[in-house]
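Peer 1: What follows is a single structure, and I will ask about it in a moment.
Quick note: the coordinates plus some simple rules give every number you see, no bench work behind them. Predicted model, so just to flag it, every value in this text is computed and none were measured. Virtual Cβ from ideal backbone geometry, glycine too; neighbours counted across all protein chains shown.
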Amino acid sequence: MIITKGDHMKNNTFKLLILSISIILLLFLIVPILKMFTHSTWDIFYQSAQEKEVIDSIFLTLKASFVATLITIFLGIPLAYSLSRYKFPGKFIIESIINIPLIIPHTAAGIALLTVFGDQFIGGRFFSYLGISFTGNFAGIVIAMMFVSMPFLINESKEGFNKIDERYEKVARTLGASPFQSFFKIVLPMNKNHILSGALMMWARGISEFGAVLVLAYHPMTAPVLIYERFTSYGLKYSVPVAGIMIIITTIVFTLLKVIQKKDVIDD
Amino acid sequence: MINIKNLNKKIGNFELKNVNICVQKSEYFVILGPSGTGKTMLLEIIAGLRKINTGEIYFSKKLMNEIEPEHRNVGMVYQDYMLFPHMTVKENISFGAKLKGIKNHGNKLNKLMKDLSIGDLAHRSIKNLSGGERQRVALARTLMTEPEILLLDEPLSALDTHTKAKVQDQLRNIHDEYEMTTIHVTHDFNEAIHLADRIAIINEGEIIQVGKTDEIFQKPKNAFVASFLGSKNLFNGKVNYENIIQMNGGLKISALVKPKQAVNFMISSENIILSLEAIQSSAKNSFKGRVIGINKKVSIVEVTVDIGINIISHITYSSFNTMALEENTEVFITFKATSVHIF
């Protein structure tokens, strides 16, 4: 085929058009974030970063989401494994249910949780025997974060399990491994990266949760709630630094995530 | 050693039907059949990785049906080896031996790695091993656990021709050295000829024929076996009078056969004599025909002759050259009535 000058022109026009359109959306994403950092003065930024209330709320947020993620690793990996390996009737319904937290308004998720874990309801009463309450405290924040962000961990782990040929487990069995040994020595380590990246996604999503946390536990204040409160009580200027710090933290988490995803052993 | 009785297993639309196999101790037993006929499933059943619907599996007279795979002392090597990607070569090989608490496993590991010439690979990641190396690592990993029975699922099919020939010899050597009862599953009859003491032919979940290699090749039980083994000259006809097969189109073939409506038969290409003139002999079948096809193979020439039916004869290159055969050459085809194999 002879490539004429016209063809080159057409190719270039196409490229130019695609890139220009891409840039519009990128600007929409990047400009507000950058603008936020320039909106506030470094002074206020610096001051906010040293305020006890701000520091406490950020640590509380990171810690609560971390605990939620740990609990979900423990409970969610068996679920992800079952969904990947076993066939049972109504499986696809369960898979849809798992994704419900992604699509419902998170305030609604908070309300739903309240009807079970609220002090006057059955789940709440059961746990109050054990001395645990879920409203207006750390435990409430944890279950709110867990509920809305667990699909990330479960789905990602399930994807990982799906990629692992069942015959690895079969070979392990013939080599003398019990089902438990083949799970802990073969399948789990092979799925390490998927679980880790699912956990990071879940953690990041938990950190940014606002709606459900607001309903279950306005206090102690997590960072997103604090941002909201500062905005409504003191205005834009005072909410911006906290928001900025949160964005920096979540960006770091996601960069880590990308590094891990690049190292996936199963994909090789 | 391995005795499978009336085994039935159904998964979805697929079914293993009434499988009966008896494998002797230290035998190299090949299960040969087309893809998707239940060969791998059968191996997994023997390994205990799949439960069966009905039937019994015995290892040396012990009923194994309910025994878990880790307690069967069976080694399995899959087609694509299934080496654990998160372990080094050495870790892979010692995985099972550690679990099973094999004594002295360090020495055994070194010997095996040396025997299989993978000693240099010990600390390599398995990601950058060649196909042949992976194969040997997978074998070593299995052999380390000292299995009584070795199950090989298409172990050569992922290898290139050159490596395949080498690994094939290696498999047979390992089998002979360790005297391990081996069941090898494949769709390639060349592999079967090379390796097997006995062969079982499987099709659509049923064992069609079990026997020594030459037995199966010379006396295939039915047309499927014959055609799967690459046999030529498969025909059908009917027998109105004893010892005469009547073909469509009027051709009559002498064979040892009782009268019946439909008969399938095979005339082995090696048993057909091709000549330029009619020959006087004890052979009952002699026909005049015309060469319609010449297909040159590595060591023989496959000549197709139209005698009313298209019949294939294998002749050597020297005969081919002496006879100066070309398409349309008039020739005679001769074979004995006893060379006609009736199914």
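Peer 1: In the stretch B:124-134, which residues are within 14 Å of another protein chain (Cβ to nearest Cβ) and in a helix (DSSP H, G or I)?
Peer 2: B:I126, B:K127, B:N128, B:R134
Peer 1: Is it fair to say A:G198 is crowded, with 23+ Cβ neighbours inside 10 Å, assigned to a helix (DSSP H, G or I) and touching an Asp or Glu at 6+ places or on another chain (Cβ under 6 Å)?
Peer 2: On the way: crowded, with 23+ Cβ neighbours inside 10 Å: yes; assigned to a helix (DSSP H, G or I): yes; touching an Asp or Glu at 6+ places or on another chain (Cβ under 6 Å): yes.
Answer is yes for this residue.
Peer 1: Still on this model: Pairs only if they're at least six apart or on different chains, beta carbon under 8 angstrom, first in the stretch B:65-76 and more than 8 Å from every other protein chain (Cβ to nearest Cβ), second of a type in the set (D, E) and surrounded by fewer than 22 Cβ atoms within 10 Å (Cβ to Cβ); list them, first residue then second.
Peer 2: Listed pairs, sorted by first residue: B:N65/B:E56; B:N73/B:E146; B:N73/B:E148.
Peer 1: Just checking, how many residues over the stretch A:46-85 are touching a Phe, Trp or Tyr at 6+ places or on another chain (Cβ under 7 Å), under 24 Å from A:G140 (Cα atoms) and of a type outside the set (S, T, N, Q)?
Peer 2: Looking only at that region, the number is 2.
Peer 1: Let me ask another. Output the qualifying pairs, or none if there are none: Cβ atoms under 6 angstrom, residues six or more apart or on different chains, first residue in the stretch A:237-255 and under 13 Å from A:S208 (Cβ atoms), second residue part of a helix (DSSP H, G or I) and among the β-branched types (V, I, T).
Peer 2: From residues that are under 13 Å from A:S208 (Cβ atoms), the pairs are A:V242/A:V54; A:V242/A:I227; A:A243/A:I227.
Peer 1: Next question, about the same structure. Looking only at the stretch B:73-109, count how many residues are assigned to a loop (DSSP other than H, G, I, E, B) and over 23 Å from B:S157 (Cα atoms).
Peer 2: Total satisfying the criteria: 7.
Peer 1: Next up: If you check B:I149 against the conditions, is it within 12 Å of chain A (Cβ to nearest Cβ) and either within 26 Å of B:P34 (Cα to Cα) or under 23 Å from the mean Cα position of the chain (by Cα) (or both)?
Peer 2: yes
Peer 1: Show the residue pairs meeting these rules: Cβ distance below 8 Å; 6+ apart or different chains; first residue within the stretch A:67-90 and surrounded by fewer than 18 Cβ atoms within 10 Å (Cβ to Cβ); second residue in a helix (DSSP H, G or I) and of a type in the set (D, E).
Peer 2: A:R85/A:E166
Peer 1: In the stretch B:110-123, is there at least one residue being part of a helix (DSSP H, G or I), free of Cβ contacts under 8 Å to residues at least 60 places away in the same chain, farther than 23 Å from B:V23 by Cβ and within 10 Å of another protein chain (Cβ to nearest Cβ)?
Peer 2: no
Peer 1: List pairs: first residue in the stretch A:147-167 and more than 14 Å from chain B (Cβ to nearest Cβ), second residue among the charged types (D, E, K, R) anywhere in the structure, Cβ distance under 8 angstrom, at least six positions apart or on different chains.
Peer 2: Close Cβ pairs (under 8 Å, with a partner that is among the charged types (D, E, K, R)) amount to A:V148/A:R205; A:V148/A:E209; A:S149/A:R205; A:S149/A:E209; A:F152/A:R205; A:F161/A:R85.
Peer 1: B:N104 versus (1) crowded, with 22+ Cβ neighbours inside 10 Å; (2) more than 14 Å from every other protein chain (Cβ to nearest Cβ): which is the lone unmet condition?
Peer 2: Result: B:N104 fails condition (1) only.
Peer 1: Please enumerate the residues belonging to the stretch A:172-195 that are closer than 15 Å to B:G96 by Cα, away from chain B (no Cβ under 11 Å) and touching an Asp or Glu at 6+ places or on another chain (Cβ under 8 Å).
Peer 2: A:F183, the sole residue that qualifies.
Peer 1: Related question: Taking the condition of being farther than 15 Å from A:M150 by Cβ and within 15 Å of the chain's Cα centre (by Cα), how many residues in the stretch A:100-114 meet it?
Peer 2: 0
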